[in-house]
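Read through the structure below, which is laid out as structure tokens, and then see the notes.
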Amino acid sequence: MGSILEPESSRNTKPPGIRFVECTKKSNISFKSHQAIVLIVTFLAYASYHASRKTTSIIKSALDPQTPDESLQSVAFLHRSNALQWVLGNGWAPFNGTNGTGLLGDLDLAFLFVYAVGMFFSGHIGDRMNLRIFLTIGMLGTGLFTSLFGVGYWANIHLFYYYLIVQMLAGLFQSTGWPSVVSVVGNWFGKSKRGLIMGIWNAHTSVGNIAGSLIAAYFLKYGWGWSMVVPGLMIAFVGVLVFLFLPVDPESVGVNQDEDESGSPKKQGLSQHLLSSKPDNEKGKPVGFIEAWKIPGVAPFAFCLFFAKLVAYTFLYWLPFYISHTAINGEYLSNEAAGNLSTLFDVGGVVGGILAGHISDRLGARAITAASFMYCAIPALYLYRSYGHMSMSINIILMLVTGMFVNGPYALITTAVSADLGTHKSLRGNSKALATVTAIIDGTGSIGAAIGPVLTGYISTRSWSAVFTMLMGAAFVAGLFLTKLVVAEVTAKCQESRGGSSGGATSSGAVEEV
């Protein structure tokens, strides 16, 4: 038996759960069935990653019952501090002090910084290691350290550095997830309709956020420790399912892609290189870190995602806290109610991810779609801050719209765009770049994701309006980074409309041309 550092495809072994199913039914599982298994297992895997990641945003108000958002309330109403304290509770030292919000921001920074740095290494390792084993280790480690954060509740731990170290280690194991699942899905699906397929599949992010919010909010009444331990146990359980059932690529389970859509002459192209069964020596060596950065389109999309994830993760980590500390129609919501309400942002995100993927497929323009969504997010953010507190119905509508425009480009770039670039024509069919390219793009974005929440932790103590101004500026800059690619896609479309290009425009637009 080979080492786990050998690529799965070189060993031609099947996951134990697949072998058991085939032994039971006494026949091999078809290619299409394997694709379905891949979509379901990777969906559950990354949904559980996000569910365990979302929990800290739900328990923030339990740890730090900060003063309410004063900028939207009358002076008379603000004097109802006793009522607010009854709703939010007394907190948990050391987070319930005057610098509690800043400490919570430091936890977010520590988690996301280690996550971002770990992402670059995870992509490099993922292209050289058995992804099923790699993903399993990451999920079990994530479950362990997420649970250890909650153990602090029963162990009566009030040492800030305990929670800091646990969050850093959780972030390190979390970094294994995204490069692995995108690489596996990219190994099984060609480029045709990739934006729509991955847009639907990427709903795991929002589904995980929603599930994490609801589970954490539900268990909050029994003690905030349960809000961490239960999601931690859940991701560990799903990690076992990944070990048992996840086929990394067609070669690893000995199936061919005859049933795949890439068999159509009109749909052949780069997806052939991704799915065709070739000897390993024809697939090329794993792409180096610097070489991956030089792939056309990687840098603009990576820096765009830096600012897009800054916005998205600020909502991920601070929206429940913002809601619980902002009176809606004159009333404050409990921690549980605020956590439940915040899930609507992710409902809008599901719609945005699917819509962005579908539009980019139809237009053949990833950059135009992503930039348009980012620019539309600016007025959505302004409206939510200015009018979201007026009534519950207005808050819900504006939250849905904001979630759609904020998460749409984030989902598109981290899925379809990453997979497109990981199989870029400049690689000449080398399929060993998916995890590295995905890690570069999402790792760069995760640095922005680390900066946004920690800045919010400090800026919000002075003004939530300043926080939203920061988010609108970030959305604008994200769109600007795609300007060159947008111009290239518009130029290609103009040439195509004049009949100058019968097949030059591909489904990835500027990803292929620039």
Quiz prompt | Sulfur and carbon atoms: percent of accessible area, the range 93-168 [1.4 Å] | solution = 76
Quiz item: Quick one: ranking Trp293, Trp92 by accessible area, 1.4 Å probe, largest first, what do you get?
Solution: Trp293, Trp92
Quiz prompt | Fraction of accessible area attributable to carbon and sulfur, the range 340-398 (%, probe 1.4 Å) | solution = 77
Exercise. Among the listed pairs Lys54/Lys309; Lys14/Lys54; Lys32/Lys309; Lys60/Lys221; Lys221/Lys309, give every one whose C-alpha distance is greater than 22 Å.
Key: Lys14/Lys54; Lys32/Lys309; Lys221/Lys309
Quiz prompt | Exposure of Phe243 as accessible area (Å², to 10), given a probe of 1.4 Å and all protein chains | solution = 80
Quiz item: At q = 0.18 Å⁻¹, what is the log10 ratio I(q)/I(0) for the range 128-184, with the Debye formula run over Cα points and no solvent?
Solution: -0.61
Quiz prompt | Per-residue SASA entry for Lys14, accessible area with 1.4 Å probe, Å² rounded to 10 | solution = 50
Quiz item: What base-10 log of the normalised intensity I(q)/I(0) is obtained for the range 109-217 from the Debye formula, alpha carbons as equal point scatterers, at q = 0.15 Å⁻¹?
Solution: -0.76
Quiz item: Taking every eigenvalue of the Cα gyration tensor of the range 293-347, multiplying by 5 and rooting it, what semi-axes result, largest first, whole Å?
Solution: 35, 9, 7
Self-check item: the range 24-68, accessible area per residue, ligands and nucleic acids excluded (1.4 Å, Å²)
Solution: 32
Practice problem: Could you state the accessible area per residue of the range 154-250 in Å², with a 1.4 Å probe and every protein chain left in place? | Solution: 34
Exercise. Take peptides 314-325, 213-224, 173-184 and line them up by average Cβ neighbours within 10 Å, highest first, as a rough protection proxy.
Key: 173-184, 314-325, 213-224
Quiz prompt | Estimated D of the range 297-425 in µm² per second, where Rh is the Kirkwood radius over Cα pairs and Stokes-Einstein applies at 20 °C, 1.002 mPa s | solution = 141
Quiz item: Where does the range 96-160 land on Rg/Rh, using Cα atoms and the Kirkwood Rh?
Solution: 1.10
Self-check item: Sites Phe121 and Lys484 - FRET efficiency at Förster radius 35 Å, r taken between beta-carbons, to 0.05
Solution: 0.75
Exercise. Give the calculated FRET efficiency between Phe476 and Lys26 to the nearest 0.05, with a Förster radius of 60 Å applied to their Cβ-Cβ distance.
Key: 0.50
Quiz item: How far apart, in nm, are the 7 Å Cα→Cβ label points at Ser497 and Tyr382?
Solution: 2.8
Self-check item: Per-pair calculated FRET efficiency, R0 = 30 Å: Ala466 and Leu159 via Cβ, rounded to 0.05
Solution: 0.45
Self-check item: Residues of the range 363-412: accessible area per residue with a 1.4 Å probe, Å²
Solution: 33
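The values are calculated or read from the model by the stated rules, or taken from the named source; none is laboratory data. Because the structure is predicted, anything quoted here is derived from the model rather than measured. All Cβ positions, glycine included, derive from the backbone under ideal geometry; neighbour counts span all protein chains shown. We work out accessible area using only protein heavy atoms, side chains counted, and drop any ligands, DNA or RNA first. Shrake-Rupley method; radii C 1.70, N 1.55, O 1.52, S 1.80 Å.
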